[in-house]
Structures are given as structure tokens and as C-alpha cells.
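S.K.: Have a look at this one.
The values are calculated or read from the model by the stated rules, or taken from the named source; none is laboratory data. Keep in mind it's a predicted model, so treat the numbers as computed, not measured. Every residue, glycine among them, receives a Cβ derived from its backbone with ideal geometry; neighbour counts consider all protein chains shown. Ligands, DNA and RNA are stripped out before the accessible areas are found, and what is left, the full protein with its side chains, is counted by its heavy atoms. Shrake-Rupley method; radii C 1.70, N 1.55, O 1.52, S 1.80 Å.
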Amino acid sequence: MNNNKKNIVINCSNLYQGGGVIVASSFIDSLSKKVYKEFNIYLLLSESVSKNIQKSNINFSKFKDVKIINNFGLSMFFFNYFKHFKEIDIVFSIFGPTFNLRQRYKHIIGLADPYIIYKDNHYLNKIADIKFKLKTKLLYFIKKKFLFNADGFIVELQRVKDELINKPGFKNKDIY
């Protein structure tokens, strides 16, 4: 990683099913259609994202390096980006949180988890069974601890940003 360009890792290694894989694939497709003079872009893809983007005509020559690594479950707690890329300025995880405690780079996370964003979730409060509620609340508690390690967040709607900026832990974070 060289020549005074910012080194950006696009992290999709934690996505394995559903809409997250589709969003990541679409984002990578969009990135592959542009020229970047000020950035070196590195891709860290899960096998699911890799398989999904193989179906399209993505120009991988636009990226400095592409690695395929599944980063799910307990392995997420021990994952080290520097094992794969030596000089990192920014990591953008398409969706988070990522369960990484130590970081020496700026980390931006895409946030789309309704249970983190909206405390008074109708489905969770009125419809879900007790087992689902307990599991979701425990996961929310764990995820929230790791979310606050991020330097900034990207959300899809202004109302989500407005909701987050008033929540403890998000008040002093950059939200785009």
C-alpha cells in the first residue's frame, strides 16, 4: 500500500445471507465503475458476497486487492484486519457492528439494525415471542458495546440519523 493515497478496506466479510449480501454486491459494483486517484481500495469479501458478485460484470482491476474471508460468529472477536492488509487508513464495514476491540484506523459502519435504532419497536414489543425478545435484547446489548468502537456511521434516512444523534453513545459520533 503506497504512493500517499488513502488505503480503504471495504469490509463485507461479516455478511453471509439476505439483504446485506445484496447491498454489499451493489455497492462493490458501483465502486468498480469509477476511477479513484486519491484512494487504494481493498475488498474483504465473505464467500456469499463473492459468489453473488461473480454473477455480474465487476471490473476487479479497479481494486488494489481482493480477499475472500468469512468472518462470522466467534471468529469476529479475534479478527485482525492488519493480518490481511498492512497499512489501513479507513475500514468501511458495509453493515455492523464488527466485534473488533483493537483498531488503529478510522472505522465507519453502515447501520441498519432496527432494534438498535428504535427502542420502541412494534414487532419486538407486541408480536414477538418471549424467546425471540430475550435473544434480541441480549444481542442488542452486545452489539451496542461494539458499535461505540466505531468512529462514524452511515444510515439510509435522515430520520434515522435524527433518532441516533439523541441516543447515548451516538451523540459524539459522526453520522452520515
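S.K.: State all residues of the stretch 44-62 that are under 13 Å from Tyr16 (Cα atoms) and small (Gly, Ala, Ser); if no residue qualifies, say none.
M.R.: Ser46, Ser48, Ser50
S.K.: For the stretch 163-176, how many residues meet the condition of being surrounded by 16 or more Cβ atoms within 10 Å (Cβ to Cβ) and part of a loop (DSSP other than H, G, I, E, B)?
M.R.: Summing the residues that are surrounded by 16 or more Cβ atoms within 10 Å (Cβ to Cβ) and part of a loop (DSSP other than H, G, I, E, B) in the stretch 163-176 gives 2.
S.K.: Please go through the stretch 5-35 and give me each residue that is farther than 17 Å from Asp65 by Cα and either of a type outside the set (S, T, N, Q) or part of a loop (DSSP other than H, G, I, E, B) (or both), ordered by number.
M.R.: Across the stretch 5-35, the qualifying residues are Asn14, Leu15, Tyr16, Gln17, Gly18, Gly19, Gly20, Val21, Ile22, Val23.
S.K.: Would you check which residues across the stretch 41-51 are among the β-branched types (Val, Ile, Thr) and either open to solvent by 20 Å² or more (accessible area, probe 1.4 Å) or within 16 Å of Ile90 (Cα to Cα) (or both) and list them?
M.R.: Residue satisfying the conditions is Ile41 alone.
Rundown of residues vs (1) modelled with pLDDT of 85 or more; (2) closer than 21 Å to Lys106 by Cα, yes/no style:
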{"site": "Ile8", "(1), (2)": "yes, yes"}
{"site": "Ile28", "(1), (2)": "yes, yes"}
{"site": "Lys34", "(1), (2)": "yes, no"}
{"site": "Lys55", "(1), (2)": "no, no"}
{"site": "Phe60", "(1), (2)": "yes, no"}
{"site": "Ile68", "(1), (2)": "yes, no"}
{"site": "Leu74", "(1), (2)": "no, no"}
{"site": "Phe82", "(1), (2)": "no, yes"}
{"site": "Asp89", "(1), (2)": "yes, yes"}
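S.K.: Determine whether Tyr42 is part of a strand (DSSP E or B) and either closer than 25 Å to Tyr176 by Cα or at pLDDT 90 or above (or both).
M.R.: Here the answer is yes, as Tyr42 does meet what is asked.
S.K.: May I pose another question? Looking only at residues that are among the β-branched types (Val, Ile, Thr) and in contact with a strand residue (DSSP E or B) (Cβ under 9 Å, 6 or more places away or on another chain) in the stretch 129-162, which one is most open to solvent (accessible area, probe 1.4 Å)?
M.R.: Ile154
S.K.: While we're looking at this one, here's another question. Filter the stretch 10-40 for residues that are in contact with an Asp or Glu (Cβ under 9 Å, 6 or more places away or on another chain) and open to solvent by less than 50 Å² (accessible area, probe 1.4 Å) and give the result.
M.R.: Of everything in the stretch 10-40, just one residue is in contact with an Asp or Glu (Cβ under 9 Å, 6 or more places away or on another chain) and open to solvent by less than 50 Å² (accessible area, probe 1.4 Å), namely Asn40.
S.K.: Oh, and also: Please go through the stretch 26-46 and give me each residue that is touching a residue at least 24 places away in the same chain (Cβ under 8 Å) and more than 18 Å from Ser61 (Cβ to Cβ), ordered by number.
M.R.: Within the stretch 26-46, Ser46 is the sole residue that qualifies.
S.K.: Let me ask another. Suppose we filter the stretch 143-155 for residues that are in contact (Cβ under 8 Å) with a residue 12 or more places away in the chain and either assigned to a helix (DSSP H, G or I) or over 20 Å from Val91 (Cβ atoms) (or both); how many remain?
M.R.: Counting residues in the stretch 143-155 that are in contact (Cβ under 8 Å) with a residue 12 or more places away in the chain and either assigned to a helix (DSSP H, G or I) or over 20 Å from Val91 (Cβ atoms) (or both) gives 4.
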